[in-house]
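Data block below; observations after.
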Amino acid sequence: MKIRFCFLFAVITAASVYVSADDYPQWRGINRDGIGHESNLLNSWPDQGPTENWSVNDIGIGYSSPIEVDGIIYITGMKDKNGFLTAINRNTGKVLWQKQYGPVWWKNFPGARTTPAFDSGKLYLFSSTGRLLCFNAQNGDVVWQLDTQNTLGARNITWGIAESVLVDGDVVYATPGAKDAAVIAVNKNNGSIIWKTNLDAKSAYCSPLLVDYHGKKILITALDKMIVGIDAINGKLMWQTPHKVAYDINANTPIYDNGIFYISNGYKLGGKAFRINSDATGVEELWHEKKLSCHFGGLSYKDGLIYGIGEKGNLYAIELKTGNVVGSSEPYVDKGALILADGKLFCYGESSRVALVKFDGKNFTKYGMFSITKGEKEHWAHPVVSNGSLYVRHGDFLMSYKIK
């Protein structure tokens, strides 16, 4: 069957990617805020869960999530200690192409970690061994690559680099964690280095967020022992604040709104909110709340409320401005990840269960739940909602479910 590739022009300005409204072109959605831009999704599921459209295996093992742009799904996986990038037809589940891109993390919890980013017909990813790559999205051919370990002295970390890169205009941002290049900006067209942030800090499993603060583009990310704000134009360190956490795991992308950002950590540490000062040279801590201790399951943010799953599996809704917990739930899926779409939370946890949950401003209510039976090992990949489908990855399987 002849496949027609028609890729939309994708551009990130400030913290947004402009593609089809229902597409999901990068880690944690169009704006990296844990939101799927969908409407008219099912309000409840039957006892056995939503209808499975298809499943595909042999994508390689891993914990990364898929993205979807213009009817094509892209996802990474590991086979025989090497990373593979796979393109899949979203309607049929047919594999369109699969390309190897070099060694990935295989020591403890082996598998691919990184979710690719789509921009202007290209795919960008940062492998768990520090290779930054650009691919042609139509056929998977490598356009350029940069080995940050050999060229910059990038340092790997306990469980392997797990950053999903961010693309803005002509720039790709990555965190090699080298002694004099903690964060870098690279020309997306040829892989040449634009700037390096001269800071001796390692990466910490965090995928950064780009914000517009009073006309300044600031890259906010967490490193091994601190949270930093970096001038996205020149790489200058604008501010840093200590943030020492257990095992140096700062795995969640920050949430941001109107000068306030929030980050949550596991191991009973909970979350903290900070306000950026007027000239963006420093931050002050606003509040610290310990109930939402989100290990690496991601956070969703909408209408002033942060949503996340704590370490015991309870869902929480917290006001960004105040830190007030306005709602909590029983542990539907155990510790896990979530995505918010059409006013509904799609939760996937270590128990293998997937739940559909709504929050009415006071209470969480479950409207369906089923178990993932395909694949092996940990249920850690983040769920994705895109174009009327729910995607769940487990091991070397990717499943698509009809939710519209």
Practice task
Check whether at least one residue in the range 68-82 is assigned to a loop (DSSP other than H, G, I, E, B) and more than 27 Å from residue 298 (Cα to Cα), and report yes or no.
Solution key: yes
Problem - Candidate set: the range 32-64, residues that are closer than 29 Å to residue 233 by Cβ and at pLDDT 95 or above; chosen: the one most open to solvent (accessible area, probe 1.4 Å) - result: 33
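Any residue in the range 208-230 that is farther than 25 Å from residue 288 by Cα, open to solvent by less than 10 Å² (accessible area, probe 1.4 Å) and at pLDDT 95 or above? Lay out the reasoning, then the answer.
Within the range 208-230, the subset farther than 25 Å from residue 288 by Cα is 214-217.
The next check asks that each one be open to solvent by less than 10 Å² (accessible area, probe 1.4 Å); those that pass are none.
Among the residues of the range 208-230, not one is farther than 25 Å from residue 288 by Cα, open to solvent by less than 10 Å² (accessible area, probe 1.4 Å) and at pLDDT 95 or above, which makes the answer no.
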Handout entry: Qualifying residues in the range 338-352 (those that are of a type in the set (D, E, K, R) and not in a strand (DSSP E or B)) - the one least open to solvent (accessible area, probe 1.4 Å)
Key = 342
Problem - Restricting the range 101-118 to residues that are assigned to a strand (DSSP E or B) and among the aromatic types (Phe, Trp, Tyr), the residue that is farthest from residue 60 (Cα to Cα) - result: 118
Practice task
Determine which member of the set 22, 70 is modelled with pLDDT under 95, of a type outside the set (A, V, I, L, M), under 23 Å from residue 404 (Cβ atoms) and buried (at least 16 other Cβ atoms within 10 Å of the Cβ).
Solution key: 22
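Checking the conditions here, which among 336, 323, 361 is under 26 Å from residue 376 (Cα atoms) and not hydrophobic (A, V, I, L, M, F, W, C)?
Numbers: 323 fails: under 26 Å from residue 376 (Cα atoms); 361 fails: under 26 Å from residue 376 (Cα atoms).
None of the others qualify; the one that does is 336.
Going by what's in this entry, would residue 381 be described as of a type in the set (Gly, Ala, Ser) and assigned to a loop (DSSP other than H, G, I, E, B)?
Answer is yes for this residue.
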Exercise for the section: Examine the range 264-278 for a residue that is open to solvent by 10 Å² or more (accessible area, probe 1.4 Å), touching a helix residue (DSSP H, G or I) at 6+ places or on another chain (Cβ under 6 Å) and over 26 Å from residue 370 (Cβ atoms), and state whether such a residue exists. Expected result: yes
Completion exercise
Note on the range 353-375: residues without any contact (Cβ under 8 Å) to a residue 40 or more places away in the chain and either among the β-branched types (Val, Ile, Thr) or part of a loop (DSSP other than H, G, I, E, B) (or both) are 360, 361, 362, 363, 365, 372, 373
Exercise for the section: Restrict the check to the range 134-153 and report whether at least one residue is assigned to a loop (DSSP other than H, G, I, E, B), over 19 Å from residue 60 (Cβ atoms) and of a type in the set (Gly, Ala, Ser). Expected result: yes
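The values are calculated or read from the model by the stated rules, or taken from the named source; none is laboratory data. Small disclaimer: the values here were computed from a predicted structure and weren't measured. Here Cβ is always computed from backbone atoms with ideal geometry, including for glycine, and neighbour counts include all displayed protein chains. Each accessible area value is taken on the protein alone, full model and side chains, heavy atoms only, with ligands, DNA and RNA left out. Shrake-Rupley method; radii C 1.70, N 1.55, O 1.52, S 1.80 Å.
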